[in-house]
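Visitor: A single structure is presented below for examination.
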Amino acid sequence: MRARLLDEIAANATPAPITRLVDGWLAKCAPGLPFRRANAVLPAAGAGADPERTAAVLDELTDWYGTQGRRLVVQVPSTDPALDSLLASRGLVVEAPVDVLVATPVPVIPVGGVEAAVAVGVDAAWAAEYGAVHGEDAASRARVEAYGRMLADLGPSAVAAVARRSGEVAGVGFGVRERGWLGVFGMGTAVAHRRHGVARAVLGVLASGRDAYLQVEVGNAPAQALYRGLGFTDSHRYHYRVTA
């Protein structure tokens, strides 16, 4: 099933320094990264079909995250409503509904006046150099630099693109390639260069004609409009269930 494949490769694209595999459930913990998905559990496929086994796994993982000083965060796919019901019965509450969007493939359309190029291998220094595109405030820059630290562990499967317009850095984007798919993360366009096709140019060179996926929160209307306007359509949805 494509939805499961995308959830698995997205989990691989968000490496964490501390992991634990329990009966097919992948638990990740990354104290130095501010990303929910780097500190969450990807359940085994079809976990909701075996509530007794799932309850035992949840007990074990709740204790494990407690020893890490963290709460339990479970990624719940829309394809497993039984799991969602089980987690709700245990008092876990919903956070951050996410749409997984796909383009198969990303259309590569030249954008006049915008030059975009890919750099293979991403690190914190690279992210720091171009982080201002995502915002001038310290929190935004720290988040972008965290992307660099995270993706550095992935080696050449992690790629980044920089778009320039009128000689200025106009946009950046991060991507992770696996099994013929490109996962798109950390897109940003400088305010002065928006509505000039910068995001399209970045996506085009990142994907290079590949199938691509990305994750966008349901309530993020500007991002939803941007990516759907670039040809992305719905694959599936997930949300997180977290201990209150």
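The values are calculated or read from the model by the stated rules, or taken from the named source; none is laboratory data. Note that the structure is predicted; figures quoted are calculated from it, not measured. Every residue, glycine as well, gets a Cβ built from its backbone with ideal geometry; the counts of neighbours run over all protein chains shown. To get the accessible areas, we keep the full protein, side chains included, count just its heavy atoms, and leave off ligands, DNA and RNA. Shrake-Rupley method; radii C 1.70, N 1.55, O 1.52, S 1.80 Å.
Visitor: Read through the list (1) at pLDDT below 90; (2) touching a Pro at 6+ places or on another chain (Cβ under 9 Å), then give the number of the only condition that Ala212 fails.
Guide: Against the list (1) at pLDDT below 90; (2) touching a Pro at 6+ places or on another chain (Cβ under 9 Å), Ala212 comes up short only on (1).
Visitor: Out of everything in segment 215-244 that is closer than 21 Å to Arg70 by Cβ and β-branched (Val, Ile, Thr), what residue ends up being nearest to the chain's Cα centre (by Cα)?
Guide: Ranking the qualifying residues of segment 215-244, first place goes to Val242.
Visitor: I'd like the full set of residues that are assigned to a strand (DSSP E or B) and in contact (Cβ under 8 Å) with a residue 12 or more places away in the chain, limited to segment 1-23.
Guide: Selection gives Ile18, Arg20, Val22.
Visitor: Which pairs turn up if I take residues in segment 193-219 that are within 30 Å of Glu95 (Cα to Cα) and look for partners that are open to solvent by 10 Å² or more (accessible area, probe 1.4 Å) and aromatic (Phe, Trp, Tyr) with beta carbon separation below 7 Å, at least 6 apart in sequence or on another chain?
Guide: Asp211/Trp181; Ala212/Trp181; Tyr213/Trp181; Leu214/Tyr227; Val216/Tyr227
Visitor: How many residues does segment 192-239 hold that are open to solvent by less than 60 Å² (accessible area, probe 1.4 Å) and closer than 21 Å to Arg2 by Cβ?
Guide: Residues flagged as open to solvent by less than 60 Å² (accessible area, probe 1.4 Å) and closer than 21 Å to Arg2 by Cβ within segment 192-239 amount to 20.
Visitor: While we're looking at this one, here's another question. Is one or more of the residues making up segment 203-217 among the small types (Gly, Ala, Ser), part of a loop (DSSP other than H, G, I, E, B) and more than 23 Å from Ala142 (Cα to Cα)?
Guide: Within segment 203-217, one or more residues are among the small types (Gly, Ala, Ser), part of a loop (DSSP other than H, G, I, E, B) and more than 23 Å from Ala142 (Cα to Cα).
Visitor: Within segment 166-175, how many residues are aliphatic (A, V, I, L, M) and surrounded by fewer than 23 Cβ atoms within 10 Å (Cβ to Cβ)?
Guide: The total comes to 1.
For (1) open to solvent by 20 Å² or more (accessible area, probe 1.4 Å); (2) touching a residue at least 40 places away in the same chain (Cβ under 8 Å); (3) in contact with a Phe, Trp or Tyr (Cβ under 6 Å, 6 or more places away or on another chain), each residue gets a yes or a no:
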{"residue": "Trp25", "(1), (2), (3)": "no, no, no"}
{"residue": "Cys29", "(1), (2), (3)": "no, yes, no"}
{"residue": "Ala40", "(1), (2), (3)": "no, yes, no"}
{"residue": "Gly46", "(1), (2), (3)": "yes, no, no"}
{"residue": "Pro51", "(1), (2), (3)": "yes, no, no"}
{"residue": "Thr62", "(1), (2), (3)": "yes, yes, no"}
{"residue": "Tyr65", "(1), (2), (3)": "no, no, no"}
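Visitor: Mind listing whichever residues of segment 1-23 are open to solvent by 40 Å² or more (accessible area, probe 1.4 Å), among the hydrophobic types (A, V, I, L, M, F, W, C) and more than 21 Å from Phe174 (Cα to Cα)?
Guide: Met1, Ile18, Leu21
Visitor: Determine which single condition Arg70 fails, assuming it passes every other condition in (1) touching a helix residue (DSSP H, G or I) at 6+ places or on another chain (Cβ under 9 Å); (2) open to solvent by less than 50 Å² (accessible area, probe 1.4 Å).
Guide: It fails just one condition, (2).
Visitor: May I ask you to say which residue of Ser78, Ser89 is touching a residue at least 60 places away in the same chain (Cβ under 8 Å), polar (S, T, N, Q) and open to solvent by 50 Å² or more (accessible area, probe 1.4 Å)?
Guide: Just one listed residue meets the conditions, Ser78.
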